[in-house]
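Read-outs throughout are calculated quantities, based only on the coordinates presented, and are distinct from any laboratory measurement. In this text the structure is predicted, and so the values were computed from the model without any measurement. Cβ placement follows ideal geometry from the backbone for every residue including glycine, while neighbour counts extend to all protein chains displayed.
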Amino acid sequence: MATTDVTWTRANARRLARQGLTAPKAPDLDSPAQVAGAMLGAHAQVLSAAELSVALRLPAGTTRTDLREALWADRALTKTYGPRGTVHLLPTADLPMWTGALSSVPAGPNPWREDVRMTPEQTDEVVAAIRDALAGEPLTVDELTDAIVDRTGPWAGDRVMEAFQDKWPRWRQAAHTAAHRGALAFGPNRGRKVTYTGPGVTPMDGRPAVEALVRQYLHAYGPATPAHFAQWLAAPKAWAGGVFKDLAAAGRIEEVAFDGTAAWVASGDGAFPDAAPPPGVRLLAYFDAYVIACRPRERLFAGDAYGRALGGGQAGNFPVVLVDGTVAGVWHQRRSGGRITVTVEPIGTALDSVRARTELAAEVGRVAEALEGRAELTVGRVAVGPHA
């Protein structure tokens, strides 16, 4: 039975602090890799959005150049397929856990037509070919295709996958699987061409890796339910329910009452602040990890924010303004030379005060600094639609 009653206000205060979204910053969040670890990955389908998500959680003066050095020079970050099969920046040191956990998640229904899909044996063959081909220098997709075909046969290179008014070779349906098994990650672009590289990682055993991921998830976003975890990870709900049941039986997680609903935290991590989040205005980029993972969503996107700041009910399609820990606006930035014009559309009245407008201007300045430009703030309607 749940013994601790955690309110949304207390949970939100702890989540914000652990995400580096309050002042003063947590002392252990002083590098891009540490911030990405606290977020459980920065969504990087649009790399500039991931750079901004991480930079805005670090001290003033952090720029996109610092993020790119951490990614491509220091290799403290790795760009790869993470939760939900989407591209993320993950701490390189955490890749054994991530690959061990992600490769343990049961596969869902195969979305490809029968004449397109690969058998499990073919998938294994392609992953082995990718691992071998990427043991050396990074390869473009065309170079990797040739290397895979050389190692498997022409069937792997058949251009049968519908993709963006083009057709991709058959093997690419296994790209996520290869990344989750530790055989593939993204390398630095070669001109405008994406490259892939071997991350050189050995996945942890599945059971301890999944446990470690659950506990990290609950540390960042708890209290949470198995259904929350399943949705965040894009995993089967029944599988997630079994994982939580086993961890509870082993004493690794414990139940609490979260606004009257049964939820879970990592064992020994049941302390929550007594006060509301400290006041403050923060700008979050497209698909920021905080808005993706925080539940219940109707509390984070309260009132009119639920209709305005969610794209068809999906979080992350609009960059959002947080005021005192809840969504109070959407925003968009446009670059022209060195000028970064940020348009902010308030939702409700939370941005009406002098204090909020002063903090908003400062936050816009941080966005421009992170993007290595000059700030210009406009308050008005954001005409740009949700990100696809």
| Which number comes out as Rg/Rh for region 122-227 once both Rg and the Kirkwood Rh are worked out on C-alpha atoms? | 1.08
| Simple Cβ-charge dipole of region 281-379, Lys/Arg +1 and Asp/Glu -1, about Cα centre, in debye nearest 20 | 120
| said: Using only the alpha-carbon atoms, how far is helix 8-18 inclined from the longest principal axis of the chain? Give it as 0 to 90 degrees, nearest 10. | reply: 60
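Please compute, over every Cα-Cα pair in region 44-197, the percentage with a separation greater than 28 angstrom.
Numbers: 2658 of 11781 pairs.
Here the tail beyond 28 Å accounts for 23 percent of pairs.
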| task | May I ask for the angle, rounded to the nearest 10°, between helix 354-370 and the longest principal axis of the chain, with both axes built from Cα atoms and the value confined to 0 to 90°? | result | 30
| field | Computed helical MRE - 222 nm, the chain, DSSP H runs ≥ 4 contributing -39500 (n - 2.57), nearest 500 | value | -10500 deg cm²/dmol
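R0 = 35 Å: FRET efficiency of A257 with D304, Cβ-based, nearest 0.05?
Values: r = 29 Å, r/R0 = 0.82.
Result of the calculation: an efficiency of 0.75.
Equivalent ellipsoid semi-axes for region 281-379, as square roots of 5 times the alpha carbon gyration tensor eigenvalues: give them largest first, rounded to whole Å. Numbers along the way, then the final one.
Values: eigenvalues 101, 46, 23 Å².
They are 22, 15, 11 Å, listed from largest to smallest.
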| Rg and Dmax of region 19-59, Cα atoms, in Å? | 9.6, 30
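Give the order of W171, W232 when sorted by the count of other beta carbons within 10 angstrom, beginning with the fewest.
Numbers: W171 27, W232 20.
The fewest-first ordering by Cβ neighbours comes to W232, W171.
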| request: Subtract the Cα-Cα distance of D115 and A163 from 0.36 nm times their separation in residues, and report this length gain in nm to one decimal. | output: 15.7 nm
| Using 20 Å as the cut-off for backbone N distance, which residues of region 30-63 belong to the label zone defined by a point 7 Å from the Cα of R334 along Cα→Cβ? | 48-49
| note | Ranked from fewest to most other Cβ atoms within 10 Å of their own Cβ, V194, V141, V54, V127 fall in the order V194, V141, V127, V54
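Can you pull a Stokes-Einstein diffusion coefficient for the chain at 20 °C (1.002 mPa s), Rh from Kirkwood over Cα pairs, as a whole number of µm²/s? Kindly include the intermediate steps, with their values, before the conclusion.
Values: Rh = 22.0 Å.
Estimated via Stokes-Einstein, D reaches 97 µm²/s.
Taking the beta-carbon count within 10 Å as an exposure proxy, list S48, S53, S336, S353 from fewest neighbours to most.
S336, S353, S48, S53
When you count, for each residue, the other Cβ atoms within 10 Å and take the mean per peptide, how do 250-261, 154-165, 72-83 rank with the highest first?
Order by mean packing, descending: 72-83, 250-261, 154-165.
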| Projected label distance in nm at A248 and R357, using a 7 Å step from Cα toward the beta-carbon | 5.0
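On a full-extension model of 0.36 nm per residue, what is the gain between E143 and A271, subtracting their alpha-carbon distance, rounded to one decimal in nm?
Numbers: separation 128, 0.36 × 128 = 46.08 nm, distance 5.18 nm.
Stretched out fully, the E143 to A271 stretch lengthens by 40.9 nm.
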| Approximate spin-label separation D132-V46, in nm, with each point projected 7 Å along Cα-to-Cβ | 4.0
| remark: Listed by chain and number, the residues whose amide H is under 5 Å from that of G329, excluding neighbours fewer than 5 places away on the same chain and using placed H, are V321, I347
